[in-house]
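Here the structure is laid out as structure tokens; the discussion comes afterwards.
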Amino acid sequence: MADAGKQTIRRVAHRVGIAACWVVMILYFPVAMSFVNAEKSEVECTRVMPHVVDNDRSKLITESGLQRIVDRAYPALKGTPVSALNLVEMEQRIEQTPVVKRCDIYYTPGGVLHVSIVQREPIMRVFTQHTSYYMDEESFRIAAEPEMSARTVVVSGNVGSMLDGGDVLELCKFIDEDKFWKSQIEQVYITDKQEFVLIPRVGDHVIEFGTIERMEEKFDLLYALYTRGWKPKEWNIYKKVNLKYNGQIICTKR
């Protein structure tokens with residue numbers, strides 16, 4: 001009976017101890033958070049750290065360019081208490097910049113505000129009679145600026161209706177996603193008949209591609225011609241390669 005009484009006392013003491021811990025924790029957190037909030041309200045923004053993710057790929061904006069965007073949007077940012085900053089609103093405002101696909105803003109001790117963006121990745125640069133712009137795979141257009149240096153295929157010619165139809169987007173996306181073709185195809189020209197003519201970087205010839213019908217087959221035939229058909233000295237003796245006919249390659253000498 002004495003042992004049973006001792007066990008009962010131990011269980012009660014254990015439960016009392018747990019309850020006391022919970023009481024302490026419940027009382028501690030509001031006090032601790034009040035100190036954290038008080039400390040946060042005293043911290044001021046000391047500087048901005050811009051960061052552009054994967055800047056070696058798209059090169060539509062530099063970190064100094066991002067810094068200028070932040071400075072224009074928030075000229076009085078430095079010296080502002082971080083507790084007064086609405087980071088979500090700031091992210092949404094920076095994301096209104098055409099080159100910015102996503103923005104994440106946070107601060108670290110010392111009042112350093114980190115502005116990190118993921119920029120859009122264009123797959124073509126379009127030239128019209130009056131303007132020039134980049135376009136990504138979501139058909140989002142970004143006005144071309146002198147400081148932008150993204151390496152993409154150039155699209156020119158009768159571009160108006162073709163861009164709305166999506167065929168040129170599909171073609172340029174295929175080129176962009178293939179390492180060989182991205183390095184080889186420099187320009188896509190759209191004819192008045194809404195057919196494609198490809199201009200390669202290497203070789204003094206043009207490629208009459210036609211429409212995107214049988215697109216992968218055409219690129220397979222062209223790849224076979226480049227890698228197993230022509231000898232090195234033959235690359236510049238042809239002026240035209242025609243892929244418009246099913247299963248055929250027609251090469252025309254100059």
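A few comments on the model shown:
- Seen from Lys239, the other residues with C-beta closer than 10 Å to its C-beta sum to a net charge of +2, counting Lys and Arg as +1 and Asp and Glu as -1.
- Cross-link pairs beyond the 18 Å C-alpha cut-off, checked among Lys179/Lys233; Lys173/Lys193; Lys179/Lys239; Lys182/Lys218; Lys182/Lys239; Lys179/Lys240: Lys179/Lys233; Lys173/Lys193; Lys179/Lys239; Lys182/Lys239; Lys179/Lys240
- Low-density loop cleavage sites - trypsin sites (Lys or Arg not before Pro) in the stretch 173-246, where at most 11 other Cβ are within 10 Å (DSSP): Lys193, Arg201
- In percent, rounded to a whole number, the relative contact order of the stretch 65-127 is 22, using alpha-carbon pairs under 8 Å and six or more apart.
- Radius ratio Rg over Rh of the stretch 95-180, counting only Cα atoms, Kirkwood formula for Rh: 1.10
- For the stretch 67-207, the solvent-accessible area works out to 52 Å² per residue, with a probe of 1.4 Å and every protein chain left in place.
- Long-range HN-HN contacts of Lys101 with modeled amide H, under 5 Å: Val118, Gln119, Arg120
- Label-reachable residues, the stretch 162-204, where backbone N falls under 14 Å from a point 7 Å from Lys239's Cα toward its Cβ: 204
The values are calculated or read from the model by the stated rules, or taken from the named source; none is laboratory data. Since this is a predicted model, take the numbers as computed values, not measurements. Cβ atoms come from the backbone with ideal geometry, glycine included; neighbour counts cover every protein chain shown. Each accessible area value is taken on the protein alone, full model and side chains, heavy atoms only, with ligands, DNA and RNA left out. Shrake-Rupley method; radii C 1.70, N 1.55, O 1.52, S 1.80 Å.
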